[in-house]
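Notes follow the structure.
The values are calculated or read from the model by the stated rules, or taken from the named source; none is laboratory data. All figures in this text were calculated on a predicted structure; none of them were measured in a lab. Reconstructed Cβ throughout: ideal geometry from the backbone, glycine too, with neighbour counts over all protein chains shown.
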Amino acid sequence: MDYKKSWPDYLPFSSCSHSHELPMELLRLLMFSANERSVDSSLFEKNRVHANLCVEKLSHFVPNHPLAKQRTLSGNDQHGVFATKVIPQGEVIGEYVGRIYYFSSEEEKLTPFSEYKWTIVHPHYTVVVDSQYGANELALINDYRGIANGPNVEPCFVSYKGSRYFSYITSREIFPQEELLVDYGDQFWSLSPSL
């Protein structure tokens, strides 16, 4: 994908994986939550996302989109990720890249809010993948609320050649021009400022 065509200028692009920075003790714990999945090797070996994705500015691509006339929390134009061809159910679409932080569950409460952050909570630890300083296409997948009845992709850990990656996988077949949507979770909305 030629991300530069419609990539938002307010978000630094990066395809760089930080999964190698996870500490060994956390990798051992993640072994039990990561699934071996059939993945396109180029996704992880070449730091790419699924070939059938495109990023679009909503006000141009879908003028009647519920977010087209709204701004992001930081005041920027809204973007979305769309399928260019059919993407089958159960397909890994890439790694959600960003800086990785590892905390005890109590320490995470002290981290600042970010619009482009996944927080993975475990009883003994919290992992934060924060894309505000370097993101790929997956950081622009919107929450399904107000757009559709439910998400069509979901977060998951993927094990590939001994490494663990925080990824997205399709929860059903996605059709051409359909927007990819995920469930940000109640925690995101409870921590979001001015929502």
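Worth a mention:
- Within the range 127-148, none of the residues are within 20 Å of Glu45 (Cβ to Cβ), surrounded by fewer than 18 Cβ atoms within 10 Å (Cβ to Cβ) and not small (Gly, Ala, Ser).
- Among the residues making up the range 156-190, those that are surrounded by 16 or more Cβ atoms within 10 Å (Cβ to Cβ), of a type outside the set (Gly, Ala, Ser) and either over 23 Å from Leu58 (Cα atoms) or modelled with pLDDT under 85 (or both) are Cys156, Phe157, Val158, Tyr160, Arg164, Tyr165, Phe166, Phe188.
- In the range 108-165, the qualifying residues are those that are hydroxyl-bearing (Ser, Thr, Tyr) and part of a loop (DSSP other than H, G, I, E, B), and the one that is farthest from Val55 (Cα to Cα) is Tyr125.
- Among the conditions (1) at pLDDT below 90; (2) in a loop (DSSP other than H, G, I, E, B); (3) crowded, with 16+ Cβ neighbours inside 10 Å, Leu43 misses just one, which is (2).
- Condition check for Thr72: polar (S, T, N, Q) and touching a Leu at 6+ places or on another chain (Cβ under 9 Å): no
- Among residues of the range 46-58 being of a type in the set (Lys, Arg) and surrounded by 12 or more Cβ atoms within 10 Å (Cβ to Cβ), the one that is modelled with the highest pLDDT is Lys57.
- Tally, over the range 59-92, of residues that are surrounded by 15 or more Cβ atoms within 10 Å (Cβ to Cβ) and touching a helix residue (DSSP H, G or I) at 6+ places or on another chain (Cβ under 8 Å): 10
- Test: residue in the range 20-30 that is part of a loop (DSSP other than H, G, I, E, B), under 19 Å from the mean Cα position of the chain (by Cα) and modelled with pLDDT under 90: yes
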